[in-house]
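Structure first, commentary second.
The values are calculated or read from the model by the stated rules, or taken from the named source; none is laboratory data. All values reported here derive from a predicted model rather than from experimental measurement. All Cβ positions, even for glycine, are placed from backbone atoms using ideal geometry, and neighbour counts span all protein chains on display. Side chains are part of the model used for accessible areas, which takes the heavy atoms of the whole protein and leaves out ligands, DNA and RNA. Shrake-Rupley method; radii C 1.70, N 1.55, O 1.52, S 1.80 Å.
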Amino acid sequence: MLPFVVAIDGPAASGKGTLARRIAQHFNLAHLDTGQLYRATAFLVLAADGDPGDQATAERAARRVDPAMLDDPRLLTEAVAQAASVVAAIPAVRRALLQFQREFAAHPPGGRRGAVLDGRDIGTAVCPDAAVKLFVTASREVRADRRLRELRQRGVAAIYQNVLQDMGERDARDEGRRAAPLAAASDAVIIDTTGLDADQAFERALEVVARALAAHGP
Ligand code: CDP
């Protein structure tokens, strides 16, 4: 029996991470936040005073990413997020990180029957055969507002206009790059969370995933 794979893609602060965690917990599936791989790559480059846009430097860093780094709170800063979207545009970086993601989906850790992967290109490039594809989105203003609250909750002083501008720059890089740009797969279910809270978004996703799981078999 092939593992049951749920692919969740969408732009920054669309709610895809929260949704992915809740879906994984509810159905007892493994979860991989693939953004952390790009953030870890960027972090390694910045920690060595390197240039995230330099192909060879970024590729070397991507090859050094270790799963043990993925929970490091230092990956959560906006500087790392911006640099992550720079290294993510480099095809050699994406290639270096692909195998780990595919392996996670093919052999979910903990002997689980499946996995939830969230990112930008899971449904289009990493797991094109996923049993369920969700594309989670929201207006840029609502996403900036959510990110602002998140930052303030972590005690980071932030200004709405700056967060909005950073998000616009990152969206443009993620959507505009040639290597696996952020896009909804043609067979993805779109969930627009602009007017939804986390519970309502979860209800929508739950329905879609439960239906696919029933079709997938025991
Ligand atoms: O949490 P947030 O949505 O702000 O960002 P993230 O998911 O941690 O991703 C950080 C950056 O990594 C994104 O802006 C993308 O450029 C890149 N990324 C990617 O290219 N492909 C993925 N599957 C996941 C992230």
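Couple of notes before you dig in:
- Once the 1.4 Å probe is applied to the protein heavy atoms, region 4-209 comes out at 47 Å² accessible per residue.
- A straight line joining the Cα centroids of region 165-192 and region 16-71 runs 17 Å.
- Computed over neighbours whose Cβ is under 14 Å from that of Val163, the net charge equals +1, Lys and Arg +1, Asp and Glu -1.
- For His31, the residues whose amide H sits under 5 Å from its own are Val116, ignoring neighbours fewer than 5 places away on the same chain, with H placed 1.01 Å from N.
- Compactness of region 158-218 as Cα Rg over 2.2 N^0.38 Å, two decimals: 1.55
- Gyration tensor verdict on the chain (Cα atoms; rounded if a/c is under 1.5, prolate if a/b is larger than b/c, oblate otherwise): oblate
- Accessible area of region 4-209 belonging to carbon and sulfur atoms, whole % at 1.4 Å probe: 49 percent
- Residue order for Met167, Met69 - accessible surface, 1.4 angstrom probe, largest first: Met69, Met167
- For Ala56 and Asp187, the FRET efficiency from 1/(1 + (r/R0)^6), where r spans their Cβ atoms and R0 equals 45 Å, is about 0.80.
- Sequence-distant contacts, meaning Cα pairs under 8 Å at least 6 residues apart, place the relative contact order of region 45-125 at 27 percent.
- Across the chain, Cα pairs under 8 Å and at least six residues apart give a relative contact order of 33 percent.
- Per-residue 3J(HN,Hα) values for region 120-136, derived from phi via the Karplus relation 6.51 cos²θ - 1.76 cosθ + 1.60 with θ = phi - 60°, read 10, 9, 5, x, 8, 10, 6, 10, x, 9, 3, 5, 9, 10, 10, 10, 9 Hz in sequence order (x marks Gly and Pro).
- Within the chain, helix-based [θ] at 222 nm, where runs of 4 or more DSSP H residues each add -39,500 (n - 2.57), nearest 500: -16500 deg cm²/dmol
- A crude spin-label estimate for the pair Asp145 and Asp49, with each label 7 Å from Cα along the Cβ direction, gives 4.3 nm.
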